[in-house]
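Engineer: Sending over a structure as structure tokens; questions will come in a sec.
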Amino acid sequence: MSPEVVLRKPLVTEKNLNVQESLGQYAFVVSDRANKIEIKNAVESKFDVSVIDVRTIRVKGKSKRMNTKRGMTTGKRPSWKKAIVKLKAGDSIDFFAGLS
């Protein structure tokens, strides 16, 4: 798979930004079919860094209920896969490079 298919988007939250600064670990939303080797190759080729470790997590979608005029309706958010990538010391990824 190409890096654009494997890496869907970076997961930028306040907690992840603190982990990036202290531990050098970056989180991404990845394709459900991607394995650790494909994720490692995608990050290395797209951002020109060297990856030490990849951890993956499957996040289960939440069930939701909404009260409408016709009564209670139920639904479900989709499940997704998250990858946490640890980089070699000295390497970094700047997600906000072109925003200024």
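Engineer: In the range 1-43, which residues are more than 15 Å from LYS86 (Cα to Cα), more than 14 Å from the chain's Cα centre (by Cα) and surrounded by 14 or more Cβ atoms within 10 Å (Cβ to Cβ)?
Structural biologist: Of everything in the range 1-43, just one residue is more than 15 Å from LYS86 (Cα to Cα), more than 14 Å from the chain's Cα centre (by Cα) and surrounded by 14 or more Cβ atoms within 10 Å (Cβ to Cβ), namely MET1.
Engineer: Further question on the same structure: From (1) in contact (Cβ under 8 Å) with a residue 40 or more places away in the chain; (2) within 11 Å of the chain's Cα centre (by Cα), pick out the condition that doesn't hold for LYS46.
Structural biologist: Looking at each condition in turn, LYS46 falls short on (2).
Engineer: With touching a residue at least 24 places away in the same chain (Cβ under 8 Å) and out of contact with any Gly (no Cβ under 9 Å at 6 or more places or on another chain) as the only criterion, which of ARG70, ARG33 stands out? Step through it out loud before you land on a result.
Structural biologist: Values: ARG70 fails: touching a residue at least 24 places away in the same chain (Cβ under 8 Å).
The match here is ARG33.
Engineer: Inspect all residues belonging to the range 5-22 and state whether any of them is basic (Lys, Arg) and touching a residue at least 40 places away in the same chain (Cβ under 8 Å).
Structural biologist: Just the residues of the range 5-22 that are basic (Lys, Arg), to begin with: 8-9, 15.
Still in the running and touching a residue at least 40 places away in the same chain (Cβ under 8 Å): none.
No.
Bear in mind that the values in this text are calculations on the coordinates, not laboratory data. Here the structure is a predicted model, which is why all the values come from computation and not from measurement. We place every Cβ from the backbone using ideal geometry, glycine too, and count neighbours over all the protein chains shown.
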